[in-house]
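First up is the structure itself, then whatever we jot down about it.
The values are calculated or read from the model by the stated rules, or taken from the named source; none is laboratory data. In this text, all values refer to a predicted model and were calculated from it rather than measured experimentally. Cβ placement follows ideal geometry from the backbone for every residue including glycine, while neighbour counts extend to all protein chains displayed. Just so you know, the surface numbers come from the protein's heavy atoms only, side chains and all, with ligands and any DNA or RNA stripped out. Shrake-Rupley method; radii C 1.70, N 1.55, O 1.52, S 1.80 Å.
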Amino acid sequence: MAGRRRWGPAGRPAYGGAPRRAVLAAAVAVTAGAALPGCRSQDEGLGGASPFTGQDDGGDHVLAVKVDNVAAARPQTGLDHADIVYTEQVEAGLSRILAVFASDIPATVGPVRSARESDIELLHQFGRPALAFSGAQRKLLPALEAAPLELLPPARLPDGFVRDGGRRAPHNLYLKARTAARAAPAASAPRDIGFRFGDPPGGGRETREETVGYPAARFTFTWSADRGRWLVVMDGTPARTADGGTRLAPATVVIQHVAVRASRFRDRGGSVTPFTGTVGSGRARVLRDGKAYEARWSRPGPQQGTTFTDPDGQRLPFARGQVWVALVPED
């Protein structure tokens, strides 16, 4: 562990006795941070490798960040450092991203947006991770407060966010990820959430490109043999990082068909907030090494991980590296 920066021992900020719900509802602008690589995971079931990527550096704690994904928010910052990137449906059929970091904490992540009810169920399998988000509607706050999460909105982390003057609100709020990590030393360490990694299985269908859609958004994943990765395209535009223009390119893409239903929440414009269910079972497709593999996913309960199996019921191994999981509505 020598020479690696770990999540520091800094304690939580003082809140001066303010009610937690009021604290969660506020927002603050602040300044930038620095990179924080993690340390080796100690998950025994995966032989010390990261349970999120199958690589050697697993990290010490889990930090999830809710990231904007409308056109005005692109290109995003920090997604190339995430271990796992989830895409999900939000209001008006648009998409949003939940990025999970552990092995490599970048300087900045964003733009950061608000949390949704679906995030609570999805993140429960990680134990008690930290969740950085811009805020949440008032009716959702009690559920967030009761959830097994280390909550990091701007008002609880006044030195952990910064506004980009070159972008318009609300697409200009960025997280200082190392500051966020230090503010949540009790967040869970990476643990087995059901993924398995290894050599390509037999079978599969050769494919150059796969597209998944939401009512008002779509993602295309194009195989690059040169890079050995899937190049991401969002709404017809190649997805790149804001700092340098590197293409976003996961090693594995999981297309997970899930139940999406209307929740009891609405946004300010009156659009119903969808709830994406990630407990249960259903169809999936795993993209790796230029092939598509049909699969089944299963997650019996909120505290349990999500397993992916082939038609014979065997665990389907992912390619080692970043994983994208597209949570798309059932047909």
> If you scan segment 63-79, which residues turn out to be touching a residue at least 60 places away in the same chain (Cβ under 8 Å) and either within 21 Å of VAL258 (Cβ to Cβ) or out of contact with any Pro (no Cβ under 8 Å at 6 or more places or on another chain) (or both)?
Replying inline: ALA64, VAL65, LYS66, ASN69, VAL70, ALA71, ALA72, ARG74, PRO75, LEU79
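For every residue, the table says whether it meets (1) within 17 Å of the chain's Cα centre (by Cα); (2) modelled with pLDDT under 95; (3) open to solvent by 50 Å² or more (accessible area, probe 1.4 Å); (4) not polar (S, T, N, Q).
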site	(1), (2), (3), (4)
PRO158	no, yes, yes, yes
PHE161	no, no, no, yes
LEU175	yes, no, no, yes
ASP199	no, no, yes, yes
PHE219	yes, no, no, yes
>> Out of everything in segment 118-133 that is assigned to a loop (DSSP other than H, G, I, E, B) and open to solvent by less than 10 Å² (accessible area, probe 1.4 Å), what residue ends up being farthest from GLY305 (Cα to Cα)?
In response: PHE133
>> GLY165 - would you say it is within 18 Å of the chain's Cα centre (by Cα) and either among the acidic types (Asp, Glu) or in a loop (DSSP other than H, G, I, E, B) (or both)?
In response: no
> Which one of the conditions (1) more than 20 Å from ASP80 (Cα to Cα); (2) out of contact with any strand residue (DSSP E or B) (no Cβ under 7 Å at 6 or more places or on another chain) does THR273 fail to meet, given that it meets all the rest?
Replying inline: (2)
>> Going through GLY244, GLY213, GLY203 one at a time, which residue ends up being open to solvent by 20 Å² or more (accessible area, probe 1.4 Å) and in a strand (DSSP E or B)?
In response: GLY213
> Among the residues of segment 221-241 satisfying the criterion of being part of a loop (DSSP other than H, G, I, E, B) and closer than 14 Å to GLY321 by Cβ, which is least open to solvent (accessible area, probe 1.4 Å)?
Replying inline: GLY228
>> Of everything in segment 306-325, what is crowded, with 18+ Cβ neighbours inside 10 Å and more than 21 Å from PRO190 (Cα to Cα)? Give them in sequence order.
In response: ASP310
> Filter segment 291-305 for residues that are in contact (Cβ under 8 Å) with a residue 60 or more places away in the chain and open to solvent by less than 10 Å² (accessible area, probe 1.4 Å); which is nearest to THR211 (Cα to Cα)?
Replying inline: ALA292
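Is it the case that PRO148 is touching a residue at least 12 places away in the same chain (Cβ under 8 Å), in contact with a helix residue (DSSP H, G or I) (Cβ under 9 Å, 6 or more places away or on another chain), surrounded by fewer than 16 Cβ atoms within 10 Å (Cβ to Cβ) and not small (Gly, Ala, Ser)?
Against the criterion (touching a residue at least 12 places away in the same chain (Cβ under 8 Å), in contact with a helix residue (DSSP H, G or I) (Cβ under 9 Å, 6 or more places away or on another chain), surrounded by fewer than 16 Cβ atoms within 10 Å (Cβ to Cβ) and not small (Gly, Ala, Ser)), PRO148 qualifies.
Go through ALA180, ALA184, ALA136, ALA115 for me and flag whichever is touching a residue at least 24 places away in the same chain (Cβ under 8 Å), assigned to a loop (DSSP other than H, G, I, E, B), within 28 Å of ALA49 (Cβ to Cβ) and among the small types (Gly, Ala, Ser). Working first, answer last.
Values: ALA180 fails: assigned to a loop (DSSP other than H, G, I, E, B); ALA136 fails: within 28 Å of ALA49 (Cβ to Cβ); ALA115 fails: within 28 Å of ALA49 (Cβ to Cβ).
Just one listed residue meets the conditions, ALA184.
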